[in-house]
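Undergrad: Here's a structure for you.
Just so you know, all these numbers are worked out from the coordinates, no wet-lab data involved. Keep in mind that what you see is a predicted model, and the values were worked out from it rather than measured. All Cβ positions, glycine included, derive from the backbone under ideal geometry; neighbour counts span all protein chains shown.
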Amino acid sequence: MTAAGGESTREDLVRSAARDWVEKRSFGATLPIRGVDLRSEFLFGGDQVRLVDQAGIWKPAWMAAAFTIRTTHTPAGQEAPYFDEIGADGLHRYKWRGTDPNHHHNKALRDAMKSRVALIWFIGAEPNAYIPITDVYLVAEEPDQHQFVVSVGDWVDLRPDSPAEGWIEKYLLTQTKQRLHQPMFRVGVIRAYEQRCAICALNHVELLDAAHIIPDSDEAGVAAVRNGLALCKIHHAAYDRGFLGIRPDLVVQIRADLLQEKDGPMLLHGLQGRHGQKLMTVPKRTEERPSAELLELSWNRFAAGAA
Ligand SMILES: [Zn+2]
């Protein structure tokens, strides 16, 4: 958003700098940022600017509209910790503070909706640590239900008299999946595997992916940690392309023809050397370990392709 003259205001600049900072600080929404750091670490022009407040909705006094929103962590075992609610249209909702439409926090959200500013949504990934979701817009308000409709990625006109058709909601759902559900999947998987590749134990988050056991394009490919494996870039690509498979008993099998090949150290140690070996890293919590059912489905596909 820019001011009428086209020049960026201090508020625009702070919002944009904060967006870049949280992206970088969280390794692209992979590692949660502690609440205490969100209160103290971000600086703009040498001044400390708080990114969260005690309440879920945060509007610094000098800003014209809400700056960030926050959803606290819900312990494991409870459903979907990363949103307030999902409407019948599949889009997320963010609840008002209380039930008074004129509470200053609710006004701050309404102003953000009207001026179409991008908010940062901090979602609790652990007690007191948050994953930032950037480019979050409030696109409509449902006053009778005390909530706003959230769009992740783009602002779109969802008002009843707008020309928006069904495709816009479909588009928004795709955006939400990519911009919100995938990061939450990724952060859950990387955390469960303690930032190590399941196959080789590489411990550099920049080189790790959250791989799906069953692709999310598949009906069985749920975005849950039990359908995930933390894998380094090489092992992720090797898994997705059928260079290796993982048996339901968590033993790695390298494709037969690759075992015959002679090549450099990556093939020798990184692939052939893992043949017949158990996964090096598995989550401590039983419910986060790879699902035997999903592994079997994936293993059968690998075995069929490798035969
Ligand atoms: Zn690896």
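Undergrad: For segment 10-191, build the charge dipole from Cβ charges (+1 Lys, Arg; -1 Asp, Glu) around the Cα centre, then report which of His104, Gln178, Val22 sits farthest towards its positive end.
TA: Projecting each Cα onto the dipole axis, the largest value belongs to Val22.
Undergrad: A follow-up question, please. Under a plain spin-label model, where a point goes 7 Å from the Cα along Cα-to-Cβ, how far apart in nm are Asp135 and Arg19?
TA: 0.8
Undergrad: Further, regarding this structure: Assign unit charges at the C-beta atoms only (+1 for Lys and Arg, -1 for Asp and Glu), then state the dipole size of segment 193-306 relative to its Cα centre in Debye, rounded to the nearest 20.
TA: 360
Undergrad: Label segment 88-163 by shape, choosing from rounded, prolate and oblate, from the square roots a ≥ b ≥ c of the eigenvalues of the Cα gyration tensor; if a/c is under 1.5 it is rounded, and otherwise prolate applies when a/b is larger than b/c, oblate when it is not.
TA: oblate
Undergrad: Over segment 10-191, consider all pairs of different Cα atoms and compute the Kirkwood hydrodynamic radius from their mean reciprocal separation; express it in Å, one decimal.
TA: 16.6
Undergrad: Cα centroids of segment 36-68 and segment 165-217: how far apart, whole angstrom?
TA: Centre-to-centre (Cα) distance: 28 Å.
Undergrad: Name the long-range amide H neighbours of Gln147: under 5 Å, sequence gap of 5 or more, or other chain; modelled H, no Pro or chain starts.
TA: HN-HN under 5 Å from Gln147: Trp96, Glu142.
Undergrad: If you project the alpha carbons of segment 193-306 onto their three principal axes, what span does each projection cover, largest first, in Å?
TA: The Cα atoms of segment 193-306 stretch 38, 32, 23 Å along the principal axes, largest first.
Undergrad: Right, here's the next one. Treat every Asp and Glu Cβ in the chain as -1 and every Lys and Arg Cβ as +1, leave all other atoms uncharged, and give the resulting dipole magnitude about the Cα centre to the nearest 20 debye.
TA: In debye, rounded to 20, the chain gives about 840.
Undergrad: State the answer as a single residue: which of Leu13, Ile69, Ser291 lies farthest towards the positive end of the charge dipole of the chain, with beta carbon charges of +1 for Lys and Arg and -1 for Asp and Glu, about the Cα centre.
TA: After comparing all options, I get Ser291.
Undergrad: Order 242-251, 220-229 from most to least packed using the mean count of other Cβ atoms within 10 Å.
TA: Taking the mean over residues of other Cβ atoms within 10 Å, the ranking is 220-229, 242-251.
Undergrad: Helix 292-306 against the longest principal axis of the chain: what's the angle in degrees, Cα atoms only, rounded to the nearest 10?
TA: Tilt relative to the chain: about 60 degrees.
Undergrad: Follow-up. Give me the angle, in degrees from 0 to 90, between the Cα long axis of helix 166-176 and the longest principal axis of the Cα atoms of the chain, rounded to the nearest 10.
TA: Between the helix axis and the principal axis of the chain, the angle is about 70 degrees.
Undergrad: On to the next question. Of Met280, Val205, Tyr193, which is farthest towards the positive pole of the chain's charge dipole, taken about the Cα centre with +1 and -1 on the beta-carbons of Lys, Arg and Asp, Glu respectively?
TA: Ranked along the dipole, the leading option is Met280.
Undergrad: If each DSSP helix of 4+ residues adds -39,500 (n - 2.57) and the sum is divided by the residues in the chain, what number results at 222 nm, nearest 500 deg cm²/dmol?
TA: -8000 deg cm²/dmol
Undergrad: Whole-Hz ³J(HN,Hα) for each residue in segment 100-116, computed from phi via Karplus 6.51 cos²θ - 1.76 cosθ + 1.60 with θ = phi - 60°, x for glycine and proline: what do you get?
TA: Residue by residue, segment 100-116 yields 8, x, 9, 4, 4, 5, 5, 5, 4, 5, 4, 5, 5, 5, 5, 8, 6 Hz.
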